[in-house]
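Below: one structure, written as structure tokens.
The values are calculated or read from the model by the stated rules, or taken from the named source; none is laboratory data. This one's a predicted model, so the numbers in the text were calculated from it and none came from an experiment. Note that each Cβ is placed from the backbone with ideal geometry, even for glycine, and that neighbours are counted across all protein chains shown.
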Amino acid sequence: MRKRSQALCGVAWRRKHRQADALQVLLALGLLWPLGRLNVASAQTGIATPAPKSEIRNPNSPHWPFDAAEAQRRQKEAATALGGQTERQIDLGGGVTMALVLIPPGEFVMGAPKDESPLDPDESPQARVRIERPFWLGKCEVTNQQYRRFKPAHNSRTIDTYWKDRTGPGPSANDDLQPVIRISWHEAMQFCQWLSGKAGAPCRLPTESEWEYACRAGAATPFSCPADQLSKHANIADKSLASIKPWAVLDDKQSDGASVSAQVGKYQPNAWGLHDMHGNVFEWCLSVYKPYPYRTDDDRENPSAAGPRVIRGGSWDDLPRRCRSAFRLSYPPDYRVYNVGFRVACPAP
Ligand SMILES: [Ca+2]
Ligand SMILES: [Ca+2]
């Protein structure tokens, strides 16, 4: 049973990657010009904010990795330098707020080391990436309630269940405190543009490097927590999933108590106070999906560049390997996906 599950997982993973690979080939051949035109159009409407430059050097760093105590020391030091706290709230109106935490500047080694197991081919070679400036990042994924302050009619719907003895709507994904899903990359960027007016600063999606740096919080290991404690830190495809998908590929050693997306912030945070970076829902990043080593001089952090956009972190429907800090996947920016949401980033003053 376990072997069969692993085999099925491999098939599913390859299927999704074939999709991305095929898309890249079509883009390279210039056969998907409407997709590129969509991106240009979004730039013309001014919804995007340019990402900061990251410096890339050799894939080793004397400042990396660091432990949780050092992560918190650096975070407090950055907050003190800005004359404030490590956490702030944005008022979205209607009694709804959004919490952001301060991510200190620093450098890290991005991607998976060759001895990480499991490992996917697009996670290496690694690169040394420097985050030059502190930035604010959503403490949690954006919720349905928060997103509906921007688009009141949005409905994340249900996770429908269809099999031999059951057809119809399954568990809700539309509760106020569940993460918003079924929103495209363009819509996530439009939310960030709307949020900029509330925050008094230009908000956007995190770049892929910012996302991984924040997710790791100093840890060079597959997860920011010990692998044997993952179910305390993340909602993944644990044995709960069998209640809605009897055929599901799941990890029956994990027991996180949630069959679909959970209310944000229910699981333990990483050292910088970020919840659900591993699991719950995948998260759109600003960056175009391109091969490693990660670099910033090839337009991948350009919000108006064409190409599929990166998603990170895995979801309630994914095995631990897809919830790792280094795991990468992508979708075209106009896709609305049942297990993909986002969190926001704002530059610190
Ligand atoms: Ca779960
Ligand atoms: Ca997540």
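Which residues, counting only those in segment 249-300, are of a type in the set (Ser, Thr, Tyr) and part of a loop (DSSP other than H, G, I, E, B)? Before the answer, list the steps.
Pass one, segment 249-300, residues of a type in the set (Ser, Thr, Tyr): 255, 259, 261, 267, 287, 289, 292, 294, 296.
Answer for segment 249-300, where residues must be of a type in the set (Ser, Thr, Tyr) and part of a loop (DSSP other than H, G, I, E, B): Ser255, Ser259, Ser261, Tyr267, Tyr289, Tyr292, Tyr294, Thr296.
Inside segment 301-319, can you point out the residues that are among the polar types (S, T, N, Q) and over 14 Å from the mean Cα position of the chain (by Cα)?
Scanning segment 301-319 gives Asn302, Ser304.
Report, by residue number, each residue of segment 183-216 that is more than 21 Å from Leu329 (Cα to Cα) and of a type in the set (A, V, I, L, M, F, W, C).
Phe191, Cys192, Trp194, Leu195, Ala199, Ala201, Cys203
Residues checked against (1) part of a strand (DSSP E or B); (2) touching a Pro at 6+ places or on another chain (Cβ under 7 Å); (3) among the basic types (Lys, Arg):
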site: Asn60; (1), (2), (3): no, no, no
site: Gln72; (1), (2), (3): no, no, no
site: Gly83; (1), (2), (3): no, no, no
site: Ala99; (1), (2), (3): yes, no, no
site: Arg130; (1), (2), (3): yes, no, yes
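Under 7 Å between Cβ atoms, which residue pairs at least 6 apart in sequence (or on different chains) link something in segment 246-259 that is under 19 Å from Asp228 (Cα atoms) and among the hydroxyl-bearing types (Ser, Thr, Tyr) with a partner that is near ligand 1 (Cβ under 8 Å from one of its atoms) and part of a loop (DSSP other than H, G, I, E, B)?
Ser255/Asp238
Being among the hydrophobic types (A, V, I, L, M, F, W, C), under 18 Å from Ala112 (Cβ atoms) and within 16 Å of ligand 2 (Cβ to nearest atom) is true for just one of Val310, Val264, Val340. Which residue is that?
So the residue among Val310, Val264, Val340 that is among the hydrophobic types (A, V, I, L, M, F, W, C), under 18 Å from Ala112 (Cβ atoms) and within 16 Å of ligand 2 (Cβ to nearest atom) is Val310.
For segment 283-298, which positions are touching a residue at least 12 places away in the same chain (Cβ under 8 Å) and more than 19 Å from Gly138 (Cα to Cα)?
Result: Val288, Tyr289, Lys290, Pro291, Tyr292, Pro293, Tyr294, Arg295, Thr296.
Restricting attention to segment 234-277, which residues are more than 12 Å from ligand 1 (Cβ to nearest atom), modelled with pLDDT of 95 or more and under 16 Å from Arg322 (Cα atoms)? I'd like the intermediate steps shown before the answer.
Kept after step one, since they are more than 12 Å from ligand 1 (Cβ to nearest atom), are these residues of segment 234-277: 246-247, 249, 253, 263-265, 268-275, 277.
After this cut, where a residue has to be modelled with pLDDT of 95 or more as well, the list is 263-265, 268-275, 277.
Selection gives Met277 alone.
Output the residues belonging to segment 216-228 that are in contact (Cβ under 8 Å) with a residue 24 or more places away in the chain, surrounded by fewer than 24 Cβ atoms within 10 Å (Cβ to Cβ) and not in a loop (DSSP other than H, G, I, E, B).
Scanning segment 216-228 gives a single hit, Ala227.
With respect to Asp175, determine if the residue is under 20 Å from Ala99 (Cα atoms) and in contact (Cβ under 8 Å) with a residue 60 or more places away in the chain.
For Asp175, the condition - under 20 Å from Ala99 (Cα atoms) and in contact (Cβ under 8 Å) with a residue 60 or more places away in the chain - is met.
State all residues of segment 299-323 that are touching a residue at least 60 places away in the same chain (Cβ under 8 Å) and away from ligand 1 (no atom under 16 Å from the Cβ); if no residue qualifies, say none.
Once the filter is applied, which keeps residues that are touching a residue at least 60 places away in the same chain (Cβ under 8 Å) and away from ligand 1 (no atom under 16 Å from the Cβ), segment 299-323 yields Arg300, Glu301, Asn302, Pro303, Ser304, Ala305, Ala306, Gly307, Pro308, Arg309, Val310, Arg312.
Output the residue which, of all residues in segment 137-166 that are basic (Lys, Arg) and either surrounded by fewer than 17 Cβ atoms within 10 Å (Cβ to Cβ) or touching a residue at least 40 places away in the same chain (Cβ under 8 Å) (or both), is nearest to Ala345 (Cα to Cα).
Ranking the qualifying residues of segment 137-166, first place goes to Lys139.
Within segment 235-255, restricting attention to residues that are more than 16 Å from ligand 2 (Cβ to nearest atom) and of a type in the set (Gly, Ala, Ser), which residue is nearest to Lys266 (Cα to Cα)?
Ser255
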